Amino acid sequence: MTARWRLGLLIAAMLALAPAVWAVVTALPPFGSPTAAYGQVVNRLLPHLRTVSNMVAAVNFDVRGLDTLGEESMLLCAVTGAVVLLRGSRGEDRAEHAGRVPGRATIERDDASIVVCRIGAPILLAFSAYVALHGTVTPGGGFQAGAIAVSALLLVYLGDGYARWRSRVPHPLMAFIEGLGALLFVLCAALPLAWSVPALTSLLPTGKWKDLYSGGLMVPVNIGVALAVLGGFAVLVAEFMEETRTPESDPVPDEEDA
Amino acid sequence: MTLLPWLVTAWLFGIGIYGIVTSRDYVHIIGSLSVCQSSTYVLLLSIGFRWHSGPPIFYEHPPGTASVDPVVHALVLTDIVVGAAVTALLLVIALQVHKRCGTTDPQQLRPLRHTK
């Protein structure tokens, strides 16, 4: 099918679907006055039932925690699939030295950017720990914390280049962290079953409302998600870097690969 | 005004589909797919919005204050993270296609053609 035919088909399909879209658009509840009761029930009941102040975390890690477990497994599957495809020919062996992109010039970094990255990375990492630990109290939680932590790791790459990134952010450790996070979540979901209560039932003390420790089981689940997201995305970045670089037989010591 | 969020959703989804259909590059298709996906964010966040309501985080204001729907926020949150991982998976597939066939243009690829 040529490009013109495909475009014609698309336009025809869109014109055919337009009345249906319009019917749905006009039938939806008016903006600003939702009719869904679920969220409002959550808002009303959960601050007292679970002693947490962040309702989004309460939905994610408690009320609909089992769904989040499913999404967490999707993340794990996507990362595993990407790693399997990327490793393909390389296998599990790791080259001793960082490879480099053939034909790409090595750019000397400015001192200022190195300093900013070296100062910024630990601050970002500390911030991600803060976001993860306060997940049940203030806006934030495991997913955001994991993404922030990966940004901190990327700052190391930005400031110090791939060769040092590779030695400072050990790849097997990141894979381990991802598995550990997912395992923590699965254990939190499955262990209550041993006490004959539904999955993800909090058997821990609930803690105090607005306190760092509040929400019982939500705290370890939150940390598990943070670790899994951090490990998953770090593994993805590492595998992409490995795949696009060819190993060098005679690496320059202390190279700063761009 | 009350129709605007839904129309934006439909438009975002539409231009995403347009990008996918007319694309000449797999990386561009993956980008267009992300545009389609962001239409779901607009839809979910606007469907949970309530006028004169705060965030569903009862820290500064006590429980019982009017606030927006937290369920859709939770959905968008996981959607973004899982979407990023799936995008990475798709990019990996594009990388493998480029490795095997030397091109990322879907027009150049023939189904079931045996490449080395």
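The values are calculated or read from the model by the stated rules, or taken from the named source; none is laboratory data. Bear in mind the structure is a predicted one, so any value in this text is a computation, not a measurement. Here Cβ is always computed from backbone atoms with ideal geometry, including for glycine, and neighbour counts include all displayed protein chains. Accessible surface is based on the protein model in full, side chains and every heavy atom, while ligands, DNA and RNA are left aside. Shrake-Rupley method; radii C 1.70, N 1.55, O 1.52, S 1.80 Å.
Computed about its Cα centre, the charge dipole of the protein assembly as shown is approximately 980 debye, with only Lys, Arg, Asp and Glu carrying charge at their Cβ.
When A:R118, A:R164 are compared by accessible surface with a 1.4 Å probe, the order from highest to lowest is A:R118, A:R164.
With viscosity set to 0.692 mPa s at 37 °C, what whole-number translational diffusion coefficient in µm²/s follows for region A:186-251 from Stokes-Einstein and a Kirkwood radius over Cα pairs? If you can, show how the numbers build up before the last one.
On the way: Rh = 14.9 Å.
My calculation gives 220 µm²/s for D.
Amide H contacts for A:R100 (H built 1.01 Å from N in the peptide plane; partners 5 or more residues away or on another chain; cut-off under 5 Å): A:T246, A:E248. Applying a DSSP loop filter and a limit of 10 other Cβ atoms within 10 Å to the chymotrypsin sites (Phe, Trp or Tyr not before Pro) in region B:35-116 leaves B:W51. Take A:E243: with every protein chain present and a 1.4 Å probe, its accessible area is about 30 Å².
The orientation-averaged projected area of the convex hull spanned by the Cα atoms of the protein assembly as shown comes to 23.4 nm². Accessible surface of A:L49, taken over heavy atoms with a 1.4 Å probe and every protein chain present, rounds to 100 Å². Helix A:171-194 and the longest principal axis of the C-alpha atoms of chain A enclose an angle of approximately 20°. Scaling against 2.2 N^0.38 Å puts the C-alpha radius of gyration of region B:59-105 at 2.10.
What value does region A:33-74 have for Rg/Rh, both radii from Cα atoms and Rh as Kirkwood defines it?
Rounded to two decimals, Rg/Rh equals 1.03.
Derived from the Cα gyration tensor, the three semi-axes of the equivalent ellipsoid of region A:53-244 are 35, 21, 11 Å, largest first.
The mean count of C-beta atoms from other chains within 10 Å of the C-beta of residues in A:69-76, rounded to a whole number, is 3. Remark: region A:116-222 carries a charge dipole of roughly 220 debye about the Cα centre, counting +1 on each Lys and Arg Cβ and -1 on each Asp and Glu Cβ. Taken over the C-alpha atoms, region A:134-237 has Rg and Dmax values of 16.0, 52 angstrom. Summary of the geometry: region B:69-102 and region A:171-208, compared by the centres of their Cα atoms, lie 25 Å apart. The long axis of helix A:111-133 is offset from the longest Cα principal axis of chain A by roughly 30 degrees.
Shape analysis of chain B yields a ratio of the Cα radius of gyration to the Kirkwood radius, Rg/Rh, of 1.17. For A:L203, the solvent-accessible surface with a 1.4 Å probe is about 100 Å², rounded to the nearest 10.
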